[in-house]
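Following: one structure in structure tokens, then a few remarks.
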Amino acid sequence: MQSLANKRLLLGVTGGIAAYKSADLVRRLKEIGADVQVAMTPAATHFVGPLTFQAVSGRPVRLELLDPNAEAGMGHIELARWADLLLIAPASADFIARLAHGFANDLLSTLCLATDRPIAVAPAMNRLMWRNPATRENCRILTQRGIRLWGPAAGEQACGEVGEGRMLEPLQLRDAAIAHFTTDGSLRDLKVLITAGPTREDIDPVRFISNRSTGRMGFAVADAAACAGARVTLVSGPVSLPTPPDVERIDVASAQEMYDVVMSRATAADIFIATAAVADYRPAARTEHKIKKTQETFTLTLERNPDILATVAALDHGPFTVGFAAETRNVLEYAEDKRRRKQLDMIAANQVGVPGSGFESEQNALHVLWEGGEKVLPLADKTQLGHELIALIAERYHARRH
Ligand code: C5P
């Protein structure tokens, strides 16, 4: 197990039912050496008593902005800078809104405003609150400012509904914190080019061919690469995901557009990671007007798209190339064959079509292969897996160059 020894975490707890899980999170963080100071908003105290957090953290909980006794120990400005990381878990919709707009009307929001340390937010709320355009916009503001969003996950909610908005589990948050501290610097100043998401191949002005890729894996890899100090360009097909902090994003629709953007930047890149689910074929002709249903049967002629990954891998003095292999069967065999055929430095294989992993899922498991080696990255949240994959890519990239 990795350690958080000598790391100071300020855990902000806001008002949500998931607050009860944060007591376990404190235990999990302390178990691996972290020093944890809890600060609660007044609303959070309606869900869990400060004494619980005091007992598990071993430190008195900070509750009020102008508490003379607490301020005499460590003033709030000092506390804001004491931490190596501020983690807000659970982060309510209200707190996210206040953070986005720079409020300082309680201790926790003031700490967030007064710090120059990294902030991570673990949202927890009802699925409709999460989907609401106001929350979406607030999250966009946060990520643009470099604040990290860890989660939320999808699943059953406290209100009985099912959807996206559950706080990540304590172990997933602990792993994200470990990843945050362990990958920093391994790709410092390297240029990393990443493709993500599906592509969209037009049939006529209203119809297209696409696939089930959500882009989550690629966005997690881009986020992790930026955390590791890389200068990241993310070429994304149509997805509804916020751009990770410190990542340059170029949106494209078709495989040909993705190819054109990638090829214009590939020779300057040090590492190319192809996570996109690129359509292998496109309609041979895109009609100018909507196709009418006049015929009983309809035949669509398709032609091959360029293989972006294989083209980059074949470049003279090209980047270190990493491909993905999503297969429904014979995963390893097909992946190794693909690695050799496309002359890749590395391939990450995963099984799709199984519930709980791969496309349209929060989680994934990868089996990574390279010449003379392999490593299994077991089922984990895609955020965590992105960090693990980047750590492995950094290791292999540096090993190859020495
Ligand atoms: O051959 P296959 O499509 O299974 O290979 C998958 C890998 O190749 C992925 O890394 C994907 O991003 C990449 N790819 C590509 N361009 C294509 C097809 C696949 O970059 N046209």
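The values are calculated or read from the model by the stated rules, or taken from the named source; none is laboratory data. This one's a predicted model, so the numbers in the text were calculated from it and none came from an experiment. A quick note on method: Cβ atoms are made from the backbone with ideal geometry, for glycine too, and the neighbour counts reach across all protein chains shown. Please note that ligands, DNA and RNA were not included when accessible areas were found on the heavy atoms of the full protein model with its side chains. Shrake-Rupley method; radii C 1.70, N 1.55, O 1.52, S 1.80 Å.
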- So which GluC sites (Glu not before Pro) in the stretch 153-217 are both in a DSSP loop and have at most 16 other Cβ atoms within 10 Å of their Cβ? Glu161
- Item | Separation of alpha-carbon centers, the stretch 315-333 and the stretch 59-112, rounded to whole Å | 45 Å
- Query: Going highest first, how would you order 218-224, 203-209 by mean Cβ packing within 10 Å?
  - Reply: 218-224, 203-209
- Among His101, Ala114, Ile147, flag the residue with its Cα farthest along the positive direction of the charge dipole of the stretch 8-181, charges on Cβ as +1 for Lys/Arg and -1 for Asp/Glu. Ile147
- Item | Share of carbon and sulfur in the accessible heavy-atom surface of the chain [1.4 Å probe, %] | 50 percent
- Task: Return a single number: how many Lys pairs in the chain, at a sequence separation of 8 or more or on separate chains, have alpha-carbon atoms below 28 angstrom apart.
- Result: 14
- Message: Using 10 Å bins from zero, what percent of all Cα-Cα pairs in the chain falls into each bin?
- Response: 5, 21, 29, 22, 14, 6, 2, 0, 0
- the chain: most fluctuating residue of Gly215, Gly151, Gly372 per GNM, C-alpha cutoff 10 Å: Gly372
- Message: Accessible area per residue for the chain in Å², computed with a 1.4 Å probe and the full protein assembly in place, what is it?
- Response: 46 Å²
- Message: Suppose the chain between Ala5 and Ala154 were pulled fully straight at 0.36 nm per residue; how much longer would it get relative to their current alpha carbon spacing?
- Response: 50.5 nm
- Candidates per trypsin sites (Lys or Arg not before Pro) in the stretch 258-325, loop by DSSP, up to 11 other Cβ within 10 Å: Lys290, Lys292, Lys293
- Message: Charges at C-beta only: +1 for Lys and Arg, -1 for Asp and Glu. How large is the resulting dipole of the stretch 191-401 about its Cα centre, in Debye rounded to 20?
- Response: 180 debye
- Message: Apply the Karplus curve 6.51 cos²θ - 1.76 cosθ + 1.60, θ = phi - 60°, to the phi angles in the stretch 116-125 and return the couplings in whole Hz, x for Gly and Pro.
- Response: 10, 8, x, 10, 10, 10, 10, x, 8, 6
- Task: Might you report the magnitude of the Cβ-based charge dipole of the stretch 12-95 about its Cα centre, with Lys and Arg at +1 and Asp and Glu at -1, to the nearest 20 debye?
- Result: 260 debye
- Message: Show me, for the stretch 282-297, the HN-Hα J-couplings you get by feeding each phi into the Karplus relation (A = 6.51, B = -1.76, C = 1.60, θ = phi - 60°), rounded to Hz, glycine and proline as x.
- Response: 9, x, 4, 9, 9, 6, 6, 10, 4, 6, 8, 8, 9, 9, 6, 10
